[in-house]
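The values are calculated or read from the model by the stated rules, or taken from the named source; none is laboratory data. Just so we're clear, the structure is a prediction, and the values are computed from it rather than from any experiment. Protein only, heavy atoms only, side chains kept; ligands, DNA and RNA dropped before computing areas. Shrake-Rupley method; radii C 1.70, N 1.55, O 1.52, S 1.80 Å.
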Amino acid sequence: MSSSEPAFNKTRWGDIPKLTHTNSDEWRDDMIYILSAMGAYAIVTGDDPEPQPLDFNHNDNYDDWKAKEPEAASMIRLFCSLEVRHIVK
């Protein structure tokens with residue numbers, strides 16, 4: 001990790017270390033908790049597929065899903081150190 005890059009990100013759930021080559025197990029567990037708290041873990045794993053926007057019964061779900069997808073992706077990216085960010089794409 002570069003010397004100017006912080007080793008941790010602050011979240012409302014606490015300080016979480018950035019992913020490096022040496023902390024993948026701890027990082028994975030932290031990310032599962034964060035993404036679950038965001039309501040986005042099932043989106044990341046594919047267990048919550050994108051709802052159809054034209055289905056009126058799921059219109060609110062569609063907007064919610066579309067909002068959480070980029071939030072989850074950005075959370076994962078921001079929680080990676082620069083040295084491993086290209087691996088997690």
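Run the numbers for residue 69 and residue 88: contour at 0.36 nm per residue of separation, minus the present Cα-Cα distance, in nm.
5.3 nm
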Which sequence of 12, 85 reflects their accessible areas, 1.4 Å probe, from the largest down?
12, 85
Ordering 10, 66, 18 by the accessible surface of their heavy atoms, 1.4 Å probe, largest first, yields 10, 66, 18
Between (i) 49, 24, 16; (ii) 50, 25, 22; (iii) 57, 31, 24, which matches Cα extents along the principal axes in Å calculated for the structure shown?
(ii)
So how tilted is helix 59-78 from the main axis of the chain? Cα-based, degrees 0 to 90, rounded to 10.
10 degrees
Determine the order of 82, 35 by accessible area, beginning with the largest, at a probe radius of 1.4 Å.
82, 35
Compute the helix-to-body angle for 24-38: its Cα long axis versus the longest principal axis of the chain, expressed 0 to 90° and rounded to tens.
30 degrees
Taking H placed 1.01 Å from N in the peptide plane, check which residues at least 5 places from residue 19 or on another chain put their amide H under 5 Å from its amide H.
80, 81
